[in-house]
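Just below is one structure, and these are the notes that go with it.
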Amino acid sequence: MFFVAIFGVIAHKLPVDEGVSILFPCLFDNLIMNFGGTKMIKTPYLLFLGDAPDQLSAKVAQGIKDWRPEYAVGQYRMEGCNADMGVADMNLQEAREAGAHTLVIGVANRGGIISPSWKTVLIEALKEGFDLASGLHNLLNDEEDLVSVAKEYGRQLHDVRIPSTDYPIASGIKRKGLRCLAVGTDCSVGKMYTAMALDKEMRASGMKSTFRATGQTGILITGDGVPLDAVIADFMAGSIEWLTPDNDDDHWDLIEGQGSLFHISYSGVTMALIHGGQPDALILCHEPTREHMRGLPDYKLRSLEELRVLALGLAQMANANCKVVGVSVNTQHLNEAEAKAYIEQIEQEMALPTTDPFRFGASKLVSALAAYEA
């Protein structure tokens, strides 16, 4: 069974003490598996930032750098790139000499498109001996020029955003174990970071927990998960039931949130997570410096209180015992004094434990989950 877990086929069903991706990261020092378990994605990586217009557009690269820094040999930036991971800038030859095996497209642009301006670099990378990995909707294996060059040079094209399982339609049957879902006032506000920070601290304290990846970045970091926004709509909620099966009564599945109930473009995936995940606990996530929804300048950012009312009402349709247990604030654009003051303000206004779990630790939120009673 342990061998199978390494190969990502049934890792989501194993007890927490047999989990692979976070508890035993040493197993992934030389390679990780994509979630389908069919091809090896070789590490370490060269993070391709392309011409990302801002830091948030390179959130895939940021997640890998923050949670698996040992995988990030360097970054490749094109002219006009305004993102910077704080690792060495390298050309392809320098990255190969430094030991990089795979060029990972670290950009998450609107629509998930492989930009024509990237093609020269991607083709040259294949010729230099790199495999390519991507979580974009626009698949590497649908690009004839990339497929041709990869075949000629014996390289691999890894598309993370391809569902590998025939997921069921959701049944709504309550499962054993506990589940926590991060939901946001907007997309890209720190829902994955919240779940991963919780999982790290819960494991360190001896609690049973598993991070459940539902997007390209989480899958690239952990080697397992469901690419939710690539699942056919009728099966999205069922895929989350599949991802979070029966477990020990005191085990927490920490489900990576996606989209936002308020976001016109991406609300559907959030609904699938709420109903398929049947969360016992919700953590509200917020980035306080935004004036409007990301990519939607005509839509004003909604409040945490509005999120609490809407998300809890929808969650209690699938699990009447669901509770909002805390708030996670992404304070990356605030200095430390501003961040602490804002967290204190929200804690008073919402009467909920509040922190930036990546910056200040997740202990408040972990304590809230430890104290949870249905």
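Convex hull of alpha carbon positions in the stretch 211-322: directionally averaged projected area 7.7 nm².
Charge dipole of the stretch 269-330 (Cα centre as origin; +1 on each Lys and Arg Cβ, -1 on each Asp and Glu Cβ, all else neutral): 20 debye, rounded to the nearest 20.
Size descriptor for the stretch 137-274, Kirkwood hydrodynamic radius: 16.2 Å (Cα pairs only, one decimal). Got a sec? Which residues in the stretch 133-170 would a label at ILE232 touch, if it sits 7 Å along Cα→Cβ and we count backbone N under 15 Å? Under cut-off, by backbone N: 163-170. Within the listed set ALA213, ALA204, ALA133, the residue fluctuating most in the Gaussian network model of the chain (springs between alpha-carbon atoms under 10 angstrom) is ALA204. Let a ≥ b ≥ c be the square roots of the eigenvalues of the Cα gyration tensor of the stretch 286-374; is it rounded (a/c under 1.5), or, if not, prolate (a/b larger than b/c) or oblate? Oblate is the answer for the stretch 286-374, as a/c is 1.5 or above yet b/c matches or exceeds a/b.
Around the amide H of ALA88, modelled in the peptide plane, lie the amide H atoms of GLN75, all under 5 Å away and 5 or more residues distant in sequence or on another chain. A Förster radius of 22 Å, combined with the Cβ-Cβ distance separating GLU70 from GLN332, puts the computed FRET efficiency at roughly 0.50.
Let me know the charge dipole size of the stretch 227-299 about its Cα centre in debye, to the nearest 20, where only the beta-carbon of Lys, Arg (+1) and Asp, Glu (-1) is charged. Walk me through the numbers before you get to the answer.
Numbers: 2 positive and 13 negative charges, 99 e Å.
Computed about the Cα centre, the dipole is about 480 debye.
With the whole protein complex present, ILE219 retains an accessible surface near 0 Å², based on a 1.4 Å probe.
For the cross-link pairs LYS119/LYS300; LYS42/LYS323; LYS151/LYS191; LYS59/LYS323, which exceed 32 Å when the distance is taken from alpha carbon to alpha carbon? In this structure, LYS119/LYS300; LYS42/LYS323; LYS151/LYS191 exceed 32 Å between Cα atoms. Semi-axes of the equivalent ellipsoid of the chain are 32, 24, 19 Å, computed as sqrt(5λ) over the eigenvalues of the C-alpha gyration tensor in descending order. If R0 equals 35 Å, the separation of the Cβ atoms of ASN141 and GLN348 corresponds to a calculated FRET efficiency of about 0.10. Converting phi to 3J(HN,Hα) with the Karplus coefficients 6.51, -1.76 and 1.60 and the offset θ = phi - 60°, the stretch 225-242 yields x, 10, x, 4, 6, 9, 8, 4, 3, 5, 10, 5, 4, x, 5, 6, 4, 4 Hz in sequence order, with x at every glycine or proline. Once R0 is set to 22 Å, what does the formula 1/(1 + (r/R0)^6) return for the Cβ-Cβ distance between MET78 and ALA98, expressed as a FRET efficiency to the nearest 0.05? According to the calculation, E is roughly 0.70. With the simple spin-label model, which puts each label point 7 Å out from Cα in the Cβ direction, the LYS176 to GLU152 separation comes to 5.6 nm. Straight-line cross-link partners of LYS65 among the aspartates and glutamates, defined as a Cα under 14 Å from its Cα and at least 8 positions apart when in the same chain: ASP84, ASP89.
Residue farthest toward the positive end of the dipole of the chain, with Cβ of Lys/Arg at +1 and Asp/Glu at -1: which of ALA320, GLY218, MET90? Toward the positive end, the furthest listed residue is ALA320. Working note: Karplus 6.51/-1.76/1.60 with θ = phi - 60° gives the stretch 349-364 the couplings 5, 8, 6, 9, x, 9, 7, 9, x, 7, 8, 10, x, 9, 4, 4 Hz, where Gly and Pro are set to x. Each residue of the stretch 193-209 was assigned a 3J(HN,Hα) from its phi angle through the Karplus expression (A = 6.51, B = -1.76, C = 1.60, θ = phi - 60°), giving 4, 4, 5, 6, 5, 4, 4, 4, 6, 5, 4, 4, 8, x, 7, 8, 7 Hz with x at Gly and Pro. A simple charge model with +1 on the Cβ of Lys and Arg, -1 on the Cβ of Asp and Glu and nothing else charged puts the dipole of the chain at about 400 debye relative to its Cα centre. Placing dummy labels 7 Å off each Cα toward the beta-carbon, the span from ILE169 to SER205 is 4.1 nm.
Note on the stretch 70-135: dipole from Cβ charges, positive end direction compared against ILE105, GLY129, SER117; the farthest Cα belongs to SER117.
The values are calculated or read from the model by the stated rules, or taken from the named source; none is laboratory data. All figures in this text were calculated on a predicted structure; none of them were measured in a lab. Positions of Cβ are generated from backbone atoms using ideal geometry, with glycine treated the same way; all protein chains shown enter the neighbour counts. Note: areas computed on protein heavy atoms with side chains; ligands, DNA, RNA excluded. Shrake-Rupley method; radii C 1.70, N 1.55, O 1.52, S 1.80 Å.
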